[in-house]
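Values quoted throughout were computed directly from the atomic coordinates according to the rules given, and no laboratory measurement underlies them. Quantities reported herein were computed from a predicted structural model and do not represent experimental measurements. Glycine gets a Cβ as well: all are built from the backbone with ideal geometry, and neighbour counts include every protein chain shown.
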Amino acid sequence: MKRSHRRGKIIPYFVVTPGLLFLIFMALYPLIFSLRISFYDWNLLDTEHAFVGLRNFKENILSLNFWHALWITVLFTVVAVSVEFVIGLVIALYLHRIIKGRRIFQTVLLLPIVVAPAIAGLMWRFMLNYEYGVINYFFTVLRMQRYAWLASKNLALPALMITDIWQWTPFMTIILLAGLQSLPDDPLEAAAIDGCSRWQTFWFIILPMLKPVATIAIVLRTIDAFRVYDIIFMMTRGGPVHATTSLSWLIYETGFKTFELHQSASMSWLMLIFVTVIITYILKFTGVNESRK
Amino acid sequence: MYIYRKSIAGYFVLSILILVFIFPIYWMISTSFKELNQAFTTKPTWFFTPTKSNYNRVLIESGFSLKLLNSLLIGVSASLLTLLIACSLSYTYTRFKLAGSKHVLFWILSLRIIPPIVAVVPIYILFRTMGLLDSYLGLIMVYIFMNLPLSVWLLLGFFKDLPLELEEAALIDGCSRFGVFFRIVIPIVKPGLIAAGLLSFIFCWNEFLFASILSGSSRMSTAPVGLYEYATPVSMLWGHIAAAGTVMLIPVAIIAIVVQKHMVRGLTLGAVKG
């Protein structure tokens, strides 16, 4: 295997170079460009761009809009991902205990995952319609009132969460189920012999063994929920009155509606820093990143 | 074996939950076969004579077929190129001792964290100067970039599982390095390639943000963007939207059902051998 002549050592570097160069270019160019225009007054419609130092960052840090959007994004992410994890785990535990028909359930659960978020957003908007929506119909059947979900300041964000939860709970289930099925039987048998209750078995044996897989699922979902954009575009467009303006939506609006690219670029950087900190914290908290290497 | 009881209750709870998850998809499909007056009622219409009119309008009379074709071309080329680059990276990094490999691989994975919105403005300006707006190539480049971290890591797992002896034997028998790769390695890691390729394709097929900003013109746009054309400021053409959504769901649903096992491993970045 180890052919020590020179050619054999250099060729592998040639093979990886195009891929690495592509990645470096596509990753660093946008980040460096954003960082650069963050220090300028860079309106898309102007031709001259004045250097303004840290003014854009200062304005964002002082601006209520930015913090509000960050709050909306964090709230959306925390609620959606936690609910998805809990329901996903419950379904996975149920699926794990049955044997016949598991494949059929699993197949059905894969469907929401592959629906385009854009379609999911539009269909939920249709179902949540005040007058014609089927959800409100179910509410009236249950003798409850109709709600104007997407027009209400209090219900618009929960409506987005419901859409996200519908689409991604199956993702949690499928990953956790695969994790459950790869667990060794011995500790479970030992627990059964020692007379552990089912709750004890779950809490002290299954859950700790599931931690690496659960962490991957939660990290992937957190990364994606934090960037929520498609369903906002389709359902609420940031409204009513900024009630669903996430960071992604605020950056989009600032960049492509008011053309203040310097503002959207500096917000982008702040967003990148926030999401990196959050993910690093999750990985540190669960101690999984070391074992993955 | 750890034995669970009460499985009838289990089936019952599961069936209810599954119904909840399948309902929105059922509702979309059934709406796509309804006339406008049947779709828009305060009391939902459960039984009706299906009509093809929404599909006629979407697939034949409007330009949605063209957008589906755009999506297909972009998705297939981006996925194939992703596989090619991902293989070149992950196979080389597993088989040869390259400088700083651990750091490079971790860096590639960490790219998954960058929110797409962060890159949208710079890429838009760059592509405008390069003339890549409203082109296949522009979107393909973006999609390769967005799919690479996942694909590289997924394939890394497969290449690591590969026994070294197999390749050594082939080398001793006089096979060239590239011969070994194409004749021995590729056939064995085929499940990994299928998983990575199809997950990349599904991602491209469903992507909306870059598609809407980099190719806004109606001739070059992809299907998710075309969907929004039925959401006019005056009214939402729900029948058309449902029909277009159903058509878009068909290929990815088939993929999900046919390669279920590979998808499970792909979704976890190869961490769980589903």
**Assigned charges on the beta-carbon of Lys, Arg, Asp, Glu; segment B:1-153 dipole about Cα centre (debye)** = 500
**FRET E, pair B:Ser176, A:Leu28, Förster distance 30 Å, beta-carbon r, rounded to 0.05** = 0.30
**Asked** Using θ = phi - 60° and the Karplus form 6.51 cos²θ - 1.76 cosθ + 1.60, what ³J(HN,Hα) does each residue of segment B:78-92 get, whole Hz, x for Gly and Pro?
**Response** 5, 5, 5, 5, 4, 4, 4, 5, 4, 4, 4, 7, 6, 5, 4
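List the relative contact order of segment B:54-267 as a percent without decimals, with contacts defined as Cα pairs under 8 Å and 6+ residues apart.
On the way: 201 pairs, mean separation 75.1, N = 214.
It rounds to 35 percent for segment B:54-267.
Treating only the Cβ atoms of Lys and Arg (+1) and Asp and Glu (-1) as charged, compute the dipole magnitude of segment B:159-212 about its Cα centre; round to the nearest 20 debye. Spell out each step's value before the answer.
Values: 4 positive and 6 negative charges, 31 e Å.
The dipole magnitude comes to about 160 debye.
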**Prompt:** So what is the relative contact order of segment A:54-292, in percent, for Cα pairs below 8 Å that sit 6 or more residues apart?
**Reply:** 30
**Complete:** FRET efficiency for A:Ala190 and A:Thr47 from the Cβ-Cβ distance with R0 = 60 Å, rounded to 0.05, comes out at 0.25
**Asked** What is the distance, in nm, between label points placed 7 Å from the Cα along the Cα-to-Cβ direction at A:Arg143 and at B:Ser53?
**Response** 3.9
**Request:** Please state the charge dipole magnitude for chain A, taken about the Cα centre, from unit charges on C-beta atoms (+1 on K and R, -1 on D and E), reported in debye and rounded to the nearest 20.
**Result:** 900
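Let's test the formula: R0 of 25 Å, r as the Cβ-Cβ distance of B:Leu137 and A:Arg36. What FRET efficiency results, to the nearest 0.05? Walk me through the numbers before you get to the answer.
Values: r = 25 Å, r/R0 = 1.00.
According to the calculation, E is roughly 0.50.
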**Request:** Compare the Cα positions of B:Met141, B:Asn206, B:Leu69 along the charge dipole of chain B (+1 at Cβ of Lys, Arg; -1 at Cβ of Asp, Glu; about the Cα centre) and return the one farthest towards the positive end.
**Result:** B:Asn206
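Rounded, prolate or oblate: which fits chain B, taking a ≥ b ≥ c as square roots of the Cα gyration tensor eigenvalues, rounded meaning a/c under 1.5, else prolate when a/b beats b/c? Please report the intermediate quantities before stating the final value.
Numbers: a/c = 2.42, a/b = 1.43, b/c = 1.69.
Because a/c hits 1.5 or more and a/b fails to exceed b/c, chain B counts as oblate.
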**Request:** Starting from the Kirkwood radius over alpha-carbon pairs of segment A:54-292, derive D by Stokes-Einstein at 20 °C in a medium of 1.002 mPa s and give it in µm² s⁻¹.
**Result:** 107
**Prompt:** Relative contact order for segment B:10-131 using alpha-carbon pairs under 8 Å, separation at least 6, rounded to a whole percent?
**Reply:** 12
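If each residue of separation counts as 0.36 nm, what is the full-extension length gain between A:Leu207 and A:Ile10 once their alpha-carbon separation is subtracted? Write out the running numbers ahead of the final one.
Numbers: separation 197, 0.36 × 197 = 70.92 nm, distance 4.63 nm.
Here the segment from A:Leu207 to A:Ile10 would lengthen by 66.3 nm.
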**Request:** Could you pull out the longest piece of chain A with no exposed loop GluC sites (Glu not before Pro) in it, calling a site exposed if DSSP puts it outside H, G, I, E, B and it has at most 16 other Cβ atoms within 10 Å?
**Result:** A:132-293
**Request:** Compare A:Phe51, A:Phe14, A:Phe138 in a GNM of chain A, Cα atoms joined below 10 Å, and give the one with the largest fluctuation.
**Result:** A:Phe14
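Let me have the 222 nm mean residue ellipticity of chain A computed from DSSP H runs of 4+ only, each contributing -39500 (n - 2.57), with the sum over all residues rounded to the nearest 500. It would help to have the intermediate numbers written out before the result.
Details: 13 runs with 207 residues, N = 293.
Mean residue ellipticity, 222 nm, calculated: -23500 deg cm²/dmol.
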**Request:** Just grab the label-to-label distance for B:Leu69 and B:Ile29, each label 7 Å out from Cα along the Cβ direction, in nm (one decimal).
**Result:** 2.8
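Residue separation times 0.36 nm, minus the C-alpha to C-alpha distance between B:Trp46 and B:Leu19: what's the value? Numbers along the way, then the final one.
Numbers: separation 27, 0.36 × 27 = 9.72 nm, distance 1.56 nm.
In short, 8.2 nm is gained.
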**Asked** So which residue, out of A:Gly121, A:Gly101, A:Gly88, gets the largest mean-square fluctuation from a GNM of chain A using Cα contacts under 10 Å as springs?
**Response** A:Gly101
**Positive dipole terminus of the protein assembly as shown, leading residue within B:Pro224, A:Ala214, B:Phe47 (C-beta point charges)** = A:Ala214
**Prompt:** Under the Karplus relation 6.51 cos²θ - 1.76 cosθ + 1.60, θ = phi - 60°, what is the ordered set of whole-Hz ³J(HN,Hα) values for segment A:163-176, x standing for Gly and Pro?
**Reply:** 4, 5, 5, 4, 6, 10, 4, x, 4, 4, 4, 5, 5, 5
**Message:** Just to confirm the filter: which trypsin sites (Lys or Arg not before Pro) across segment B:1-106 are DSSP coil and have at most 14 other Cβ within 10 angstrom of their Cβ?
**Reply:** B:Arg5, B:Lys6, B:Lys52, B:Lys97
**Message:** Among A:Ala190, A:Ile162, A:Thr244, which residue has its Cα furthest toward the positive end of the charge dipole of chain A, with +1 on Lys/Arg Cβ and -1 on Asp/Glu Cβ?
**Reply:** A:Ala190
**Message:** Please give me, ordered by residue number, the trypsin sites (Lys or Arg not before Pro) of segment A:92-163 that lie in loop per DSSP and have at most 14 other Cβ atoms within 10 Å.
**Reply:** A:Lys100, A:Arg143, A:Lys153
**Item:** Pairwise centroid distance, computed over Cα atoms, of segment B:230-258 with segment A:46-68, Å
**Value:** 40
**Prompt:** Once you put a point 7 Å from the Cα of B:Arg183 and another 7 Å from the Cα of B:Arg128, both along the Cβ direction, what distance in nm separates them?
**Reply:** 5.4
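Using a/c under 1.5 as the rounded threshold, could you call segment B:58-121 rounded, prolate or oblate? The axes a ≥ b ≥ c are square roots of the C-alpha gyration tensor eigenvalues, and prolate needs a/b larger than b/c, oblate otherwise.
Numbers: a/c = 6.01, a/b = 2.11, b/c = 2.85.
In terms of gyration-tensor shape, oblate.
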**Asked** By what distance, in whole Å, do the Cα atoms of segment B:100-241 stretch along each of the three principal axes, largest value first?
**Response** 70, 36, 26
**Fill in**
Rounded to the nearest 500, the 222 nm mean residue ellipticity computed for chain B from DSSP H runs (n ≥ 4, each -39500 (n - 2.57)) alone is -21500 deg cm²/dmol
**Fill in**
Among A:Thr140, A:Thr163, A:Thr73, the residue with the largest mean-square fluctuation in a Gaussian network model of chain A built from Cα contacts under 10 Å is A:Thr140
**Complete:** Going residue by residue through segment B:190-198, the Karplus relation 6.51 cos²θ - 1.76 cosθ + 1.60 with θ = phi - 60° gives ³J(HN,Hα) values, rounded to whole Hz and with x marking Gly or Pro, of 3, x, x, 5, 4, 4, 5, x, 6
